[in-house]
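Input: a single structure, listed below in structure tokens.
The values are calculated or read from the model by the stated rules, or taken from the named source; none is laboratory data. Remember, it's a predicted structure, so these values are computed and weren't measured experimentally. We place every Cβ from the backbone using ideal geometry, glycine too, and count neighbours over all the protein chains shown. Ligands, DNA and RNA are excluded from the accessible area calculation, which covers all protein heavy atoms including side chains. Shrake-Rupley method; radii C 1.70, N 1.55, O 1.52, S 1.80 Å.
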Amino acid sequence: MLGLTTWFTIGTLGMVVGTAMLAYGVTLVPDERNRTLALAAVVPAIAAVAYALMALGFGGLTTADGGTVFVPRYVDWLLTTPIHVAIIALVAGASTGLIARLATLQALTIVFGFVGATLAAPLNWALYLAGGACFAGVVYLLYGDCEALAAGVSDDVAALFRKLRSFVVVLWLVYPVIWLLAPAGIGLMDTETAALVVTYIDVVAKVGFGLIAINDFASMAVATDETADADTTVGDAGVAD
């Protein structure tokens, strides 16, 4: 368990540092984007609490086959992954209804994954497939409905939407593979190794997502200001002539 404590402690520190970075980054973007990007900063903050609890030894649940599932981790994912898909949808200009569908499907993905991890075969496999189907629904909406909406926003915003979408989908596809290889699945990966890999992916996914969003929106704001200054300069020159 020393190894688990080490990885969870590293995860806690990574999420705390990431939260501080994103909180500062939010101050660098225009006010109209603050609320959306503040959600991105909340994500690693929630994860920091979850990792701290696991580092202190709380939240371990013995499964039907004698393995261990860490409840705080799934609570973290249940709260944070719907936030990420909601942010992506908001960038594309999605309606409240579409955001709700995305968030619900993503939440169900986590619920099915958690319950499946606690049960023995064959029920665990049935729930694993159910969770996979829900995630497929999330991907379908992101690449279908949200992609159609992205055609109506500026090129810079549409590019950010696609960047965030690809970042999340590619990284999140690693999680079901870990579930499959971990004790909850076929057991080729022990609990400590799974914890190490998940901790690394978690920090990259949660902090990286926020950094991409904040960096791009800050860059857009600078470009807008420079364009406005150039237009003002041209206008002043015209008046002088």
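Could you tell me whether any residue of region 62-85 is open to solvent by 70 Å² or more (accessible area, probe 1.4 Å), part of a strand (DSSP E or B) and farther than 20 Å from residue 168 by Cβ?
Yes, region 62-85 contains at least one residue that is open to solvent by 70 Å² or more (accessible area, probe 1.4 Å), part of a strand (DSSP E or B) and farther than 20 Å from residue 168 by Cβ.
May I ask you to list the residues in region 188-204 that are touching a residue at least 40 places away in the same chain (Cβ under 8 Å) and either of a type outside the set (S, T, N, Q) or buried (at least 20 other Cβ atoms within 10 Å of the Cβ) (or both)? Step through it out loud before you land on a result.
Step one: of region 188-204, the residues touching a residue at least 40 places away in the same chain (Cβ under 8 Å) are 191-192, 195-196, 198-199, 202-203.
192, 195, 196, 198, 199, 202, 203 - these are the residues of region 188-204 that are touching a residue at least 40 places away in the same chain (Cβ under 8 Å) and either of a type outside the set (S, T, N, Q) or buried (at least 20 other Cβ atoms within 10 Å of the Cβ) (or both).
Being at pLDDT below 90 and open to solvent by less than 30 Å² (accessible area, probe 1.4 Å) is the filter here, so list the residues in region 163-186 that pass it.
182, 184, 185
What do you reckon, is residue 143 under 17 Å from the mean Cα position of the chain (by Cα) and open to solvent by 50 Å² or more (accessible area, probe 1.4 Å)?
When the stated conditions are applied, residue 143 passes them.
Cβ-Cβ below 7 Å, separation at least six or inter-chain, first residue in region 132-154 and on the phi > 0 side of the Ramachandran plot and touching a residue at least 24 places away in the same chain (Cβ under 8 Å), second open to solvent by 60 Å² or more (accessible area, probe 1.4 Å) and among the hydrophobic types (A, V, I, L, M, F, W, C): which pairs?
Listed by first residue and then by second, the contacts come to nothing, as the list is empty.
Every residue, every condition in (1) basic (Lys, Arg); (2) within 26 Å of residue 216 (Cα to Cα); (3) at pLDDT 95 or above, yes or no:
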site	(1), (2), (3)
36	no, yes, no
40	no, yes, no
47	no, yes, yes
69	no, no, no
98	no, yes, yes
112	no, no, yes
131	no, no, yes
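Being crowded, with 20+ Cβ neighbours inside 10 Å, over 18 Å from the mean Cα position of the chain (by Cα), of a type outside the set (A, V, I, L, M) and assigned to a helix (DSSP H, G or I): is that true of residue 97 here?
Working: crowded, with 20+ Cβ neighbours inside 10 Å: no; over 18 Å from the mean Cα position of the chain (by Cα): yes; of a type outside the set (A, V, I, L, M): yes; assigned to a helix (DSSP H, G or I): yes.
Spelling it out, it is not the case that residue 97 is crowded, with 20+ Cβ neighbours inside 10 Å, over 18 Å from the mean Cα position of the chain (by Cα), of a type outside the set (A, V, I, L, M) and assigned to a helix (DSSP H, G or I).
Looking at (1) more than 26 Å from residue 41 (Cα to Cα); (2) open to solvent by 40 Å² or more (accessible area, probe 1.4 Å); (3) modelled with pLDDT under 90; (4) assigned to a helix (DSSP H, G or I), which is the one condition that is false for residue 219?
Status for residue 219: all satisfied but (1).
Within region 134-150, identify whether any single residue is hydrophobic (A, V, I, L, M, F, W, C) and not in a helix (DSSP H, G or I), and answer yes or no.
Within region 134-150, the subset hydrophobic (A, V, I, L, M, F, W, C) is 134-136, 138-139, 141-142, 146, 148-150.
Then drop every residue that is not not in a helix (DSSP H, G or I), which leaves none.
Within region 134-150, not a single residue is hydrophobic (A, V, I, L, M, F, W, C) and not in a helix (DSSP H, G or I).
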